[in-house]
Amino acid sequence: MISFDRHKNFLALDFDGVVADSIAECLVVGRNAFVRYSGSGRPVRSLAEFPPGQAAEARRLRDFIRSGEDYVFIFLALSGDAEIRTQDGFDAFKASRSDLKEKFFRLFYEVRTQLSAGNPEAWAALNPLFPGMKDYLASYAPKDRLFIVTTKKTGFVQRILDYNRIAFDPGNLFHADEEHPKRTILETLAKARDADPSCFFLIDDQVDTLLRARPAGVRCLLADWGYNNPAQKAHAREAEIPVITLADFLRRF
Ligand SMILES: [Mg+2]
């Protein structure tokens with residue numbers, strides 16, 4: 001049984017796949033970055049403009065994403081004959097083309113920056129929040145015990161929150177990457193607050209991220225409403241990471 005007390009515990013939320021249902025934006029940006037890289041195909045503004053079948057395959061591969069450039073790797077995989085069925089398969093594919101990592105990261109954020117600056121309303125609309133999340137975040141108290149820890153660049157998170165008129169302290173918004181993984185960020189937060197790491201709850205939709213953060217001593221839960229497949233949910237349960245529904249989350253946290 002999960003026992004969470006807003007006045008005693010701390011809550012750290014992932015953003016994509018927990019707060020925001022950003023798949024349309026991420027796949028549009030990923031595809032357009034790949035078009036820019038490869039020089040073939042044409043840019044799109046929505047999933048509806050994808051070639052037949054591509055959006056469904058891209059959605060399936062979304063379950064293996066860890067960082068921005070991974071969305072471009074999805075389209076590299078789909079452009080060739082890479083058969084990717086598992087997280088390990090996706091990671092191995094990326095490792096085989098690690099020469100492209102930096103370029104894809106740069107292109108991904110270049111396309112996102114242009115899209116969000118050129119048409120901010122349409123861009124924000126591609127990043128809807130999950131049902132109930134807007135009121136949840138807007139009314140959360142005490143606000144100094146709520147954090148967002150995400151691999152998304154924080155400026156974009158802030159813009160989506162602003163668009164939804166959610167006041168959120170930028171000091172409680174953290175960007176995780178390979179040098180600053182979620183584990184380290186949470187350890188630092190706990191230390192700065194003189195709190196035991198077990199007071200922190202991390203809600204993420206990536207089971208691997210949770211497995212990597214858990215050794216810090218934080219309590220981990222997998223968001224079943226985010227981007228994970230049945231095998232990943234089963235993997236979480238085997239590792240004794242509870243899988244929580246959105247309704248349960250909104251009620252218990
Ligand atoms: Mg996520």
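The values are calculated or read from the model by the stated rules, or taken from the named source; none is laboratory data. All figures in this text were calculated on a predicted structure; none of them were measured in a lab. A quick note on method: Cβ atoms are made from the backbone with ideal geometry, for glycine too, and the neighbour counts reach across all protein chains shown. For accessibility, only protein heavy atoms count, side chains too; no ligands or nucleic acids. Shrake-Rupley method; radii C 1.70, N 1.55, O 1.52, S 1.80 Å.
Six or more apart or on different chains, Cβ under 6 Å: which pairs go from a residue in the stretch 218-232 that's among the acidic types (Asp, Glu) to one that's open to solvent by 20 Å² or more (accessible area, probe 1.4 Å) and part of a strand (DSSP E or B)? Could you list them?
ASP224/VAL243
Given the conditions (1) outside the structural domain of PHE15 (by TED's automatic domain parsing); (2) within 16 Å of the ligand (Cβ to nearest atom), which single one is not true for LEU115?
With (1) outside the structural domain of PHE15 (by TED's automatic domain parsing); (2) within 16 Å of the ligand (Cβ to nearest atom) applied to LEU115, the lone miss is (2).
With the structure loaded, tell me whether ALA95 is of a type outside the set (D, E, K, R) and without any contact (Cβ under 8 Å) to a residue 24 or more places away in the chain or whether it fails that test. Before you say what the answer is, go through the steps one by one.
Working: of a type outside the set (D, E, K, R): yes; without any contact (Cβ under 8 Å) to a residue 24 or more places away in the chain: yes.
Criteria met by ALA95.
Is it the case, given these coordinates, that ARG59 is of a type in the set (Lys, Arg) and within 16 Å of the ligand (Cβ to nearest atom)? Write out each step before concluding.
Numbers: of a type in the set (Lys, Arg): yes; within 16 Å of the ligand (Cβ to nearest atom): yes.
Yes, satisfied.
Restricting the stretch 1-36 to residues that are aromatic (Phe, Trp, Tyr), away from the ligand (no atom under 16 Å from the Cβ) and surrounded by 18 or more Cβ atoms within 10 Å (Cβ to Cβ), which is nearest to LEU202 (Cα to Cα)?
The selected residue is PHE10.
Tell me, yes or no, whether the stretch 61-83 has at least one residue that is among the acidic types (Asp, Glu), outside the structural domain of GLY226 (by TED's automatic domain parsing), over 21 Å from GLN114 (Cβ atoms) and surrounded by 18 or more Cβ atoms within 10 Å (Cβ to Cβ).
Here is the first cut: in the stretch 61-83, the residues among the acidic types (Asp, Glu) are 63, 69-70, 81, 83.
Next cut, outside the structural domain of GLY226 (by TED's automatic domain parsing) only: 63, 69-70, 81, 83.
If we keep only those that are over 21 Å from GLN114 (Cβ atoms) as well, we get 63, 81, 83.
From what's left, surrounded by 18 or more Cβ atoms within 10 Å (Cβ to Cβ): 63.
The answer is yes, given that some residue of the stretch 61-83 is among the acidic types (Asp, Glu), outside the structural domain of GLY226 (by TED's automatic domain parsing), over 21 Å from GLN114 (Cβ atoms) and surrounded by 18 or more Cβ atoms within 10 Å (Cβ to Cβ).
If we only count helices (runs of 4 or more DSSP H) wholly inside the stretch 135-253, which ones have 2 or more residues that are open to solvent by 10 Å² or more (accessible area, probe 1.4 Å) and within 15 Å of the ligand (Cβ to nearest atom)?
Correct list: 154-163, 182-192, 207-213, 230-238.
Which ones in the stretch 62-105 are assigned to a helix (DSSP H, G or I), within 17 Å of HIS235 (Cβ to Cβ) and among the hydrophobic types (A, V, I, L, M, F, W, C)? If you could, list the steps in order and put the result at the bottom.
As a first pass, look at the stretch 62-105 and keep what is assigned to a helix (DSSP H, G or I): 62, 70-79, 87-96, 98-105.
Narrowing further to those that are within 17 Å of HIS235 (Cβ to Cβ): 62, 87-91.
Listed by number, the list holds a single entry, PHE90.
Hey, does the stretch 8-19 have a residue that's touching a residue at least 60 places away in the same chain (Cβ under 8 Å), more than 30 Å from ARG251 (Cβ to Cβ), not in a strand (DSSP E or B) and not aliphatic (A, V, I, L, M)? Working first, answer last.
Filtering the stretch 8-19 for residues touching a residue at least 60 places away in the same chain (Cβ under 8 Å) gives 8-19.
In the following step, the residues that additionally are more than 30 Å from ARG251 (Cβ to Cβ) were identified as none.
Looking through the stretch 8-19, none of the residues is touching a residue at least 60 places away in the same chain (Cβ under 8 Å), more than 30 Å from ARG251 (Cβ to Cβ), not in a strand (DSSP E or B) and not aliphatic (A, V, I, L, M).
Could you count how many residues in the stretch 41-57 are small (Gly, Ala, Ser), in a loop (DSSP other than H, G, I, E, B) and within 18 Å of ASN127 (Cβ to Cβ)? Before the answer, list the steps.
Residues of the stretch 41-57 that are small (Gly, Ala, Ser), as a first pass: 41, 46, 48, 53, 55-56.
With in a loop (DSSP other than H, G, I, E, B) added as a condition, the list becomes 41, 46, 53.
Now restrict to residues that are within 18 Å of ASN127 (Cβ to Cβ): 46.
Counting residues in the stretch 41-57 that are small (Gly, Ala, Ser), in a loop (DSSP other than H, G, I, E, B) and within 18 Å of ASN127 (Cβ to Cβ) gives 1.
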